[in-house]
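To start, the structure itself, in structure tokens.
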Amino acid sequence: MTYAELYRRSLQDPEAFWLEAAAGIDWVTPPTRAMHDDRAPLYDWFRDAEVNTCWNAVDRHVEAGRGDQVAIIHDSPITGTIRNLSYADLRDRVARLAGALRAQGIAKGDRVIIYMPMVPEALEAMLACARLGAVHSVVFGGFAAAELATRIDDARPKAIIAASCGIEPGRVVRYKPLLDGAIEAATHKPEFCVILQREQEVADLTPGRDLDWHGFQEGAAPAECVPVPGDHPAYILYTSGTTGQPKGVVRPTAGHLVALHWSMRNIYGVAPGEVFWAASDVGWVVGHSYICYGPLIHGNTTIVFEGKPVGTPDAGTFWRVIQDHKVASFFTAPTAFRAIKREDPEGRLIADYDLSSLRCLYLAGERADPDTVTWAGDKLGVPVIDHWWQTETGWAIAANPMGLDPLPVKIGSPSVPMPGYDVRILGEDGQPLPQGELGAIAVKLPLPPGTLATLWQAEERFVKSYLSTFPGHYETGDAGYIDEDGYLYIMARTDDVINVAGHRLSTGAMEEVLASHPDVGECAVIGVADPLKGQVPLGFVCLNKGVSRDPAELVAECVRLVRDRIGPVAAFRLAVVVERLPKTRSGKILRATMAKIADGAPWKMPATIDDPAILDEIAEALGTIGYPKAD
Ligand code: COA
Ligand code: AMP
């Protein structure tokens, strides 16, 4: 079937389309229908089915005779180790871990926070939760204790599963003090923690609360897979919004299974048994969907890569992994390629490896700039497929269906909408804009299976954040346009979210941290262009009246504060002290204009500006730290 036929069918007859896709999943009770619209504008998929995610990701492959196939390869250049786990090993390990968690009281619906680096045990913990119907929430290791505390208070987990440490180039990140600090700061306290001790850092366990990963599993009876209703939350994943309070995206079980299974063959073009590699982190949605669930549900081999694109040990490490494990389909963020290109501009290291297994490279997480896409395509000699999605959607909104009907690649575009996504470009008045015109990107409801159902215990916030601006539509928060061939172009965010090295961050959250400094009266954070990370945050701070401080010292304190409260992942290093911030007459800070000045981009004097002279002061302050940067 061609893409066009398939896409049309998915919108015209979603019931038939998704029930057919549902045949790829093993059901305890099969769904009698796909979509339930009785709660519109909230929709449920496969609500009357019963199913278990872990069964579909692990046990069924063993039952089908794939027990000896490698399920997970842990390739860790940072520790110098490579370890393979077969599907049979994985089933045994996950069943035992789930049994031990059950013995401690974890049951269907309980929340479990997972705070772990890129080790296979992180996936095992996710799958063990899924086996019991417990709802996991993985927190990225680069976040500070305060961010973990916020998530503990929102998810109210019965247990936290953590490792003793993560390993970043040149330093061991001790997780235990972060975990202890977060639990102390949080109002909610977990009943127990399970700690995986790594040899690089053996943490002191807190008596009465902390259990050793291995010790607590001794003698545990393996747990069977617990059936859950189709709309049971598989997981909560927190993502940045406009304020410091992250949004807890809720992923329902059945839609997640069906959509990810469909995507593996049709978007990523892999057959069961082949090796699929997403070089991301389990703390992000890419890690959930395409390091853990997607490949395993589909019976592929997945790679848990604990390293960086450069420096572990060099810019050839990706090529070595592709060669050694015969990767067929590879997924990463454009920033990783920019890092490699900066170290090895000619791509000389590529010639040292046999990349004949690789059929396609997929990029997502941020805008894929044409230079990077062209460089990657030239050097690797495989199609480079940009695709666009979000934590909220869990899988691609727009992509090139390489396993179904590969379409011509247009550099700069993530190609076309995937099944079930009725993508519209809307003006401020909510009316559709003509082809080629830039506007807000919205998706006509319902969203397809696999996307978010709500925000964790915040349905009102869900409706307000996503469904209110354009009634009957989901607001993506991205702006763009559609060309004459139906290809989408993603140009910018419409909110204050920025994208730093493929990581989604809230400038609002950083402003809340800066504003908490006793000497800071007012502040604003914007994203400025960065050749490696795409964007980096830049802060403007105004001192409180009567305060006189050495600006360099104050900036250093602000940088430290953001690192301590949000974490190193915020990459907050730039700030300037200014007298005043430019505002509209109604008091709104003109962040977009400041960002344009910092980037040296053309800008217009906003008609509503209160005092135009402040923009000269901003330009001057930016000049002191070298902005705008010369090309
Ligand atoms: N645990 C603890 N700290 C972490 C971390 C983790 N899991 N991940 C990143 N950090 C730290 C880094 O060590 C760095 O700390 P530093 O300020 O002390 O140097 C800081 O957070 C910023 O990290 P990052 O933005 O990743 O920058 P980098 O300079 O270390 O590396 C790249 C740059 C481009 C190599 C790196 O960002 C990269 O590989 N990106 C790929 C992006 C990706 O996978 N995105 C996921 C979506 S697909
Ligand atoms: P996250 O929720 O962390 O996956 O971030 C989602 C956001 O990243 C999107 O809303 C976009 O702003 C941006 N993004 C992701 N993929 C792309 C892409 N292929 N092109 C442009 N922007 C992207």
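For region 500-591, the equivalent ellipsoid built from the Cα gyration tensor has semi-axes of 21, 16, 11 Å, listed from largest to smallest. What the Cα convex hull of region 405-555 gives, in volume per residue, is 165 Å³.
A viscosity of 0.890 mPa s and a temperature of 25 °C, combined with the Kirkwood radius over Cα pairs in Stokes-Einstein, give a translational diffusion coefficient for region 411-454 of 206 µm²/s. Each label was represented as a point 7 Å from its Cα along the Cα-to-Cβ direction; for Asp378 and Ser516 these points are 4.7 nm apart.
Straight Cα distances below 14 angstrom link Lys108 to the aspartates and glutamates Glu50, Glu224, Asp231, with same-chain residues fewer than 8 positions distant left out. P(r) tail, the chain: Cα-Cα pairs separated by more than 47 Å, 12% of all pairs.
With coordinates expressed along the principal axes, the C-alpha atoms belonging to region 279-350 extend over 37, 24, 17 Å, beginning with the largest.
Work out the FRET efficiency for Thr32 and Arg8 from their Cβ-Cβ distance, taking R0 = 22 Å, and round it to the nearest 0.05. Could you put the intermediate results ahead of the total?
On the way: r = 25 Å, r/R0 = 1.13.
Step by step, r from the Cβ atoms, then E = 0.30.
Straightening the chain between Val463 and Asp92 buys 129.4 nm, computed as 0.36 nm per residue apart minus the Cα-Cα spacing. For region 96-255, the residue among Met118, Pro246, Leu101 whose Cα projects farthest onto the positive side of the dipole built from Cβ charges is Pro246. Only the Cβ atoms of Lys and Arg (+1) and of Asp and Glu (-1) were treated as charged; on that basis the dipole of region 207-324 about its Cα centre amounts to roughly 420 debye. Estimated at 0.36 nm per residue, the fully extended path between Asp354 and Arg39 surpasses their Cα-Cα distance by 108.1 nm.
Placing +1 at every Lys and Arg Cβ and -1 at every Asp and Glu Cβ, with all other atoms neutral, what dipole size does the chain have around its Cα centre, in debye to the nearest 20?
Numbers: 59 positive and 81 negative charges, 86 e Å.
Computed about the Cα centre, the dipole is about 420 debye.
Solvent-accessible surface of protein heavy atoms, probed at 1.4 angstrom with all chains present, puts Ser468, Ser329 in the order Ser468, Ser329, largest first. For region 485-516 and region 546-615, compute the distance between their C-alpha centroids and round to whole Å. Centre-to-centre (Cα) distance: 16 Å. Compute the FRET efficiency between Asp204 and Arg560 as 1/(1 + (r/R0)^6), taking r as their Cβ-Cβ distance and R0 = 35 Å, and round to the nearest 0.05. After rounding to 0.05, the efficiency reads 0.85. In the chain, taking the dipole from charged Cβ atoms about the Cα centre, the farthest positive-side position among Val525, Ala234, Thr2 is held by Ala234.
What number, rounded to the nearest 500 deg cm²/dmol, is the helix-based mean residue ellipticity at 222 nm of the chain, given -39500 (n - 2.57) per DSSP H run of at least four residues and division by all its residues?
Values: 16 runs with 167 residues, N = 631.
Mean residue ellipticity, 222 nm, calculated: -8000 deg cm²/dmol.
Pairs of Cα atoms nearer than 8 Å and 6+ residues apart set the relative contact order; for region 425-502 it is 31 percent.
Set the Cα radius of gyration of region 331-471 against 2.2 N^0.38 Å, with N its number of residues, and you get 1.25. Taking all protein chains into account, the per residue accessible area for region 160-242 stands at 44 Å² (1.4 Å probe). Just list whichever of Lys158/Lys247; Lys158/Lys326; Lys444/Lys604; Lys545/Lys588 have alpha carbons separated by over 29 Å in the model shown. Going by Cα-Cα distance, Lys158/Lys326; Lys444/Lys604 fall outside the 29 Å limit. Between Glu620 and Lys545, the modelled label-to-label distance comes to 2.3 nm, taking each label 7 Å out from Cα in the direction of the beta carbon.
Does region 72-126 classify as rounded, prolate or oblate by the C-alpha gyration tensor (a ≥ b ≥ c root eigenvalues; a/c under 1.5 gives rounded; else a/b over b/c gives prolate, otherwise oblate)?
Working: a/c = 3.33, a/b = 1.73, b/c = 1.93.
Cα axes put region 72-126 in the oblate bin.
The lysines within cross-link reach of Lys341, meaning a Cα-to-Cα straight distance under 21 Å and a gap of 8 or more places when in the same chain, are Lys308, Lys379, Lys533, Lys629.
Subtract the Cα-Cα distance of Asp485 and Thr243 from 0.36 nm times their separation in residues, and report this length gain in nm to one decimal.
Working: separation 242, 0.36 × 242 = 87.12 nm, distance 3.70 nm.
Stretched fully, the Asp485-Thr243 segment lengthens by 83.4 nm.
Think of each Lys and Arg Cβ as +1 and each Asp and Glu Cβ as -1; about the Cα centre, that makes the dipole of region 402-553 roughly 220 debye. Computed over protein heavy atoms with a 1.4 Å probe, the carbon and sulfur contribution to the accessible area of region 428-530 reaches 50%.
From the alpha carbon centroid of region 141-198 to that of region 288-324 is 25 Å.
Any idea what % of Cα-Cα pairs in region 1-51 are farther than 15 Å? Present the calculation step by step, with values, prior to reporting the outcome.
On the way: 661 of 1275 pairs.
Summing the P(r) of region 1-51 above 15 Å gives 52 percent of all pairs.
At the listed q of 0.11, 0.21 Å⁻¹, the Debye profile of region 93-168, built from one uniform point per Cα, gives log10 I(q)/I(0) equal to -0.25, -0.89.
Between the amide H of Asp210 and those of Cys193, distances stay under 5 Å, these residues lying 5 or more places away or on another chain, with hydrogens modeled in the peptide plane.
The values are calculated or read from the model by the stated rules, or taken from the named source; none is laboratory data. Note that the structure is a prediction, hence the values are computed from the model and not measured. Glycine also receives a Cβ, built like all others from the backbone with ideal geometry; neighbour counts cover every protein chain displayed. Keep in mind that these areas ignore ligands, DNA and RNA; they rest on the heavy atoms of the full protein, side chains included. Shrake-Rupley method; radii C 1.70, N 1.55, O 1.52, S 1.80 Å.
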